[in-house]
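This is the structure I want to talk about, given as structure tokens.
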Ligand SMILES: [Zn+2]
Ligand SMILES: [Zn+2]
């Protein structure tokens, strides 16, 4: 296959279209019509909550086994690892997450979910829906497995397919990684993943620098001095101090972060007090803090600590009573693509899938992902890309003042399975053949 440095070759290929692209897309389309379409339908109708993906994992294991992979179940919970060894060459990992969400589906689709489950977080029965498109990811993974198994003479190396639980709770990647993933199955040379996106036109391939934000969960505990509400001079009011801290924190993003570096500091909860006429002795703030780089992460977390402590000093609190800033261990780092590898795959996609279908549209939100837990420690070159999932007509309708395109996690969320699934398979197979192919 093409070598990464061959930019010149990439341009000359406009004159000599690649050999396998149309054959590949026809083959994927046939597989969609005879197998993958019905499989997506099945997964969409049968979503399961995070950590409880038992039947989904079982079906994935049997699909991947049938495709000729060596399959291990119950890795880090309900996770599945499928291996296909095919001689010499790099080891490449491709991950698909498989969990649904506690959302009642109102998409209007013929195969809308009517499933309910007991939510392990609350103990209550909740409706369940594939409201983030993970059904597209696992269906695409099966399509990829079937293509790669049928094309063993076109590549060499080891393909590792990962079916991951509990992405929506930020747990699955860590639990699989912590279950001796690399020790048991080998450490990949490259790690790949995709997410279908309602923000992009169906079938488009979106490659950006940092597709997902990093997130930290922070608690600030303010120790006041309790008093009668009529005697404020006898206390230290944690509600007034907490309010000053909330406002001062707004300057971190507005005044300290370079304007081209995205960051979010949101105080999502502020609890204090019991009664009208009592000055409380404690307030607790709960924050979500988001970044797209480790530098921004440090700036925001250090800034929060500095502001909280110094506002405490300004309020006259003693050194041993300053506000405490607690950063939860359950953090997710930002998902940052390995630049050179992303460039290499972008060229391959442009050549094989078509320049017009490859876009670079940075996401507008600061949503996080747990995929970096596979690629951070040790560091593994990785690319995470988006696959558009909304028909162009839906964007036209929204632009004309009609119903807006529903976002991920909405009850109205609706991905067009075709061409999302086929584009998922096509982009993955092209990436794998680029990395493991022998052209
Ligand atoms: Zn989601
Ligand atoms: Zn998702």
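Against the condition part of a strand (DSSP E or B) and either modelled with pLDDT of 95 or more or touching a helix residue (DSSP H, G or I) at 6+ places or on another chain (Cβ under 8 Å) (or both), how does residue 142 come out, does it pass?
For residue 142, the condition - part of a strand (DSSP E or B) and either modelled with pLDDT of 95 or more or touching a helix residue (DSSP H, G or I) at 6+ places or on another chain (Cβ under 8 Å) (or both) - is not met.
Still on this structure: Answer yes or no as to whether residue 219 is closer than 30 Å to residue 85 by Cβ and either in contact with a strand residue (DSSP E or B) (Cβ under 6 Å, 6 or more places away or on another chain) or more than 16 Å from ligand 2 (Cβ to nearest atom) (or both). Even if it seems obvious, please write down each step before you answer.
Details: closer than 30 Å to residue 85 by Cβ: no; either in contact with a strand residue (DSSP E or B) (Cβ under 6 Å, 6 or more places away or on another chain) or more than 16 Å from ligand 2 (Cβ to nearest atom) (or both): yes.
The answer is no for residue 219.
Continuing with the same structure: Working only within the range 394-411, note down all residues that are in contact (Cβ under 8 Å) with a residue 24 or more places away in the chain, away from ligand 2 (no atom under 16 Å from the Cβ) and part of a loop (DSSP other than H, G, I, E, B).
Within the range 394-411, just 405 meets the criteria.
Now for a different question. Just one of the numbered conditions (1) away from ligand 2 (no atom under 16 Å from the Cβ); (2) crowded, with 24+ Cβ neighbours inside 10 Å is not true of residue 126; which one?
Going through (1) away from ligand 2 (no atom under 16 Å from the Cβ); (2) crowded, with 24+ Cβ neighbours inside 10 Å one by one, residue 126 breaks only (2).
Would you confirm whether or not the range 160-177 contains a residue that is more than 16 Å from ligand 1 (Cβ to nearest atom) and surrounded by fewer than 16 Cβ atoms within 10 Å (Cβ to Cβ)?
No.
Something else now. Collect the residues in the range 122-141 that are more than 15 Å from ligand 1 (Cβ to nearest atom) and in contact (Cβ under 8 Å) with a residue 24 or more places away in the chain, keeping them in residue-number order.
Going through the range 122-141, the residues more than 15 Å from ligand 1 (Cβ to nearest atom) turn out to be 122-127, 139-141.
126, 127, 139, 140, 141 - these are the residues of the range 122-141 that are more than 15 Å from ligand 1 (Cβ to nearest atom) and in contact (Cβ under 8 Å) with a residue 24 or more places away in the chain.
Something else now. Within the range 12-59, restricting attention to residues that are at pLDDT below 95 and farther than 18 Å from residue 430 by Cβ, which residue is surrounded by the most Cβ atoms within 10 Å (Cβ to Cβ)?
12
Within the range 382-390, identify whether any single residue is within 20 Å of the chain's Cα centre (by Cα), assigned to a strand (DSSP E or B) and more than 16 Å from ligand 2 (Cβ to nearest atom), and answer yes or no.
Scanning the range 382-390 turns up at least one residue that is within 20 Å of the chain's Cα centre (by Cα), assigned to a strand (DSSP E or B) and more than 16 Å from ligand 2 (Cβ to nearest atom).
With closer than 30 Å to residue 150 by Cα, out of contact with any strand residue (DSSP E or B) (no Cβ under 9 Å at 6 or more places or on another chain) and modelled with pLDDT of 95 or more as the only criterion, which of 397, 357, 439, 343 stands out? Before you say what the answer is, go through the steps one by one.
Values: 397 fails: closer than 30 Å to residue 150 by Cα; 357 fails: out of contact with any strand residue (DSSP E or B) (no Cβ under 9 Å at 6 or more places or on another chain); 439 fails: modelled with pLDDT of 95 or more.
Unique residue meeting the criteria: 343.
Separate question: Going residue by residue through the range 354-375, is there one that turns out to be within 16 Å of ligand 2 (Cβ to nearest atom), surrounded by fewer than 18 Cβ atoms within 10 Å (Cβ to Cβ) and either over 17 Å from the mean Cα position of the chain (by Cα) or over 16 Å from residue 199 (Cα atoms) (or both)?
No; the residues of the range 354-375 include none that is within 16 Å of ligand 2 (Cβ to nearest atom), surrounded by fewer than 18 Cβ atoms within 10 Å (Cβ to Cβ) and either over 17 Å from the mean Cα position of the chain (by Cα) or over 16 Å from residue 199 (Cα atoms) (or both).
Which members of the range 47-60 meet the condition of being more than 17 Å from residue 168 (Cα to Cα) and touching a residue at least 24 places away in the same chain (Cβ under 8 Å)?
60
The values are calculated or read from the model by the stated rules, or taken from the named source; none is laboratory data. Since this is a predicted model, take the numbers as computed values, not measurements. Neighbour counts run over all protein chains shown; Cβ positions are idealised from the backbone, glycine included.
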